[in-house]
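All remarks here apply to the structure that follows.
Throughout, read-outs are computed from the coordinates displayed, never taken from laboratory work. Bear in mind the structure is a predicted one, so any value in this text is a computation, not a measurement. So basically every Cβ, Gly included, is an ideal-geometry build from the backbone, and we count neighbours across all protein chains shown.
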Amino acid sequence: MTGTEEWFASFPDQLWLRGVRHADDAAQAAQVAKLLRLRPGQRALDVPCGRGRIAFQLAGRGISVVGVDATRRHIRGARARFRRNGLPGEFIRGDMREIDFAERFHAAYNWSGSFGYFSDRGNAEFLQRLADAVRPGGRVLVEQANREKVLRQFATRTESPDLRTRGRWNPRTQRVESTWQYLDGRRWRQTRSSIRLYTPAQLSALFRNAGLGIETLCDRDGKPFTRGSRRLILVGRKTR
């Protein structure tokens, strides 16, 4: 892997958490459960799980969740939250490219723009591992920003008192490449990100190649996907 592809290994916690600071976890988890047709007693895989914000809500619905994330602090936080609330759940620290669950789950999901971190080959291999983790008839969900809307409204610069970003679209690699300057205490620090954004057709092809028949294409509110949708959600059902 190149340095650009490994940006996520050193991306700071405060920026990961900034993106979900005001998220409605309960509403998002309800949508995940609905799209995956999850019922109490079923098993779901959350990769990457972060601090388990969606997993926590699903566990409260009686769904057994296993979460995988590479960040030690996130895994510790998820385990502690589940213990405090007396909820069953398993959280594993590990590289999501190396998950190895043979048909263990009814469903697996990759939520909140966590797809596209790797090379095209790496992204396809990760999706295949998600497909391998669900049993025949099980479902896989991937959620990402709507590429067309991102490009039509692309902001090359953003600034706030504690964060400055500079971004560009690389048409050759089809990635949004960004530099982030953020205030850490009294000191400014810098990091970067690089995310591959897929069109609906491209992502559908990856699903079919992984043995997943396309079942749902929608926005985060569950409405049918259109060019103006803010998010792209694809749900596939395992056919082999």
Just the C-alpha atoms of region 86-212: what Rg/Rh do they give, with Rh taken as the Kirkwood radius? 1.04
Where Rh denotes the Kirkwood radius from the mean inverse Cα pair distance, what is Rg over Rh for region 155-240? 1.13
Computed log₁₀ I(q)/I(0) - Debye formula, equal Cα scatterers, no solvent, region 142-185, q 0.30 Å⁻¹: -1.09
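Restricting the count to DSSP beta bridges whose residues both fall in the chain, what percent are antiparallel, rounded to a multiple of 5?
70
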Hey, of (i) -0.44, -0.99, -1.36; (ii) -0.51, -1.09, -1.43; (iii) -0.46, -1.08, -1.55, which did the structure itself give for log10 I(q)/I(0) by the Debye sum over Cα atoms at q = 0.10, 0.15, 0.18 Å⁻¹ when calculated? (iii)
Given the Cα-Cα distance of GLU125 and ILE92 and 0.36 nm per residue of separation, how much length would full extension add, in nm? 9.9 nm
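Could you give the length gained by full extension between ALA201 and ASP100, i.e. 0.36 nm per residue of separation minus their alpha carbon distance, to one decimal place?
33.6 nm
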With only Lys, Arg, Asp and Glu charged, each at its Cβ (+1 for the first two, -1 for the last two), find how big the charge dipole of the chain is about the Cα centre; round to the nearest 20 debye. 420
Only Lys, Arg (+1) and Asp, Glu (-1) charged, at Cβ; region 157-235 dipole about Cα centre in debye: 380
Can you tell me which of 218-226, 130-138 comes out highest on packing, and rank the rest after it, using the mean Cβ neighbours within 10 Å? 130-138, 218-226
Between LEU163 and THR226, how high is the FRET efficiency from 1/(1 + (r/R0)^6) when r is the Cβ-Cβ distance and R₀ = 35 Å? Nearest 0.05. 0.70
Placing +1 on the Cβ of each Lys and Arg and -1 on the Cβ of each Asp and Glu in region 142-240, which of TRP188, ILE214, THR226 has its Cα farthest towards the positive end of the resulting dipole? TRP188
Loop-located chymotrypsin sites (Phe, Trp or Tyr not before Pro) in region 142-212 whose Cβ has at most 15 other Cβ within 10 Å (DSSP): PHE154
Once R0 is set to 22 Å, what does the formula 1/(1 + (r/R0)^6) return for the Cβ-Cβ distance between ARG61 and HIS22, expressed as a FRET efficiency to the nearest 0.05? 0.50
Using the Kirkwood formula on the Cα atoms of region 21-108, what hydrodynamic radius do you get, in angstrom to one decimal? 12.9
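From the helices alone, meaning DSSP H stretches of at least four residues, give me the mean residue ellipticity at 222 nm for the chain, per-run term -39500 (n - 2.57), in deg cm²/dmol to the nearest 500. Intermediate results must be reported in sequence, preceding the final value.
Values: 7 runs with 69 residues, N = 240.
Helices in the chain give a 222 nm mean residue ellipticity of -8500 deg cm²/dmol.
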Based on DSSP loop calls and a cut-off of at most 16 other Cβ atoms within 10 Å, the longest stretch of the chain free of exposed GluC sites (Glu not before Pro) is what? 104-240
